1. Taking the condition free of Cβ contacts under 8 Å to residues at least 40 places away in the same chain and in the same structural domain as residue 96 (by TED's automatic domain parsing), does residue 74 pass?
2. Among the residues in the stretch 48-67, are any touching a strand residue (DSSP E or B) at 6+ places or on another chain (Cβ under 6 Å) and within 25 Å of residue 123 (Cβ to Cβ)?
3. Determine, yes or no, whether residue 48 is assigned to a loop (DSSP other than H, G, I, E, B) and surrounded by 13 or more Cβ atoms within 10 Å (Cβ to Cβ).
4. Among the residues in the stretch 84-105, are any in contact with a helix residue (DSSP H, G or I) (Cβ under 6 Å, 6 or more places away or on another chain) and assigned to a helix (DSSP H, G or I)?
5. Considering (1) surrounded by fewer than 19 Cβ atoms within 10 Å (Cβ to Cβ); (2) in contact with a helix residue (DSSP H, G or I) (Cβ under 6 Å, 6 or more places away or on another chain), say which one residue 58 fails and leave the rest.
């Protein structure tokens, strides 16, 4: 988290790239971060280490890393994030979007290069990453002979008024995604696990409603 909130370390607060004059994170993706100075790299690494330490000290297991607003995809930032993940034994780092409709040749080339770096660092957990709509596009439209698809799907789950768990961004019902994968005759091995998470999340949201 380096795009919102208050940093844990003082060094990064002094960086105009990352923080406002009030010392809050203010980084956006309006301008590309291709290079970082030595002091910026050090400040970022120290902040990431502090966040990792805070998670672990509070009993939060770190099974993988990603970032708010996908800011770890910026080339200058990615190099630091990759190094810190390897240093602290975080086994996986989220890929850049690589499925769904193509929007820009340059953007697609950039994401391929970034994902290649993640694979070289052995931090890629899945073959694909994208939104729920991207994944449905992969299943329904993209020609592929793969019988097994390994994909990470970014979602914003919420309960619809009828109690159905849906993606807030697309409105798609999660259960329909699972069924589409099965209809496509894919070995969608995450299906059972996903179903458990869907049930657990539905129960969590329902319980939260009781305490509002």
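The values are calculated or read from the model by the stated rules, or taken from the named source; none is laboratory data. Please read all numbers here as calculations on a predicted model, not as lab measurements. No Cβ is skipped: glycine too gets one built from the backbone with ideal geometry, and neighbour counts run over all protein chains shown.
1. no
2. Yes, the stretch 48-67 has at least one match.
3. Criteria not met by residue 48.
4. yes
5. Among (1) surrounded by fewer than 19 Cβ atoms within 10 Å (Cβ to Cβ); (2) in contact with a helix residue (DSSP H, G or I) (Cβ under 6 Å, 6 or more places away or on another chain), the lone unmet condition for residue 58 is (2).
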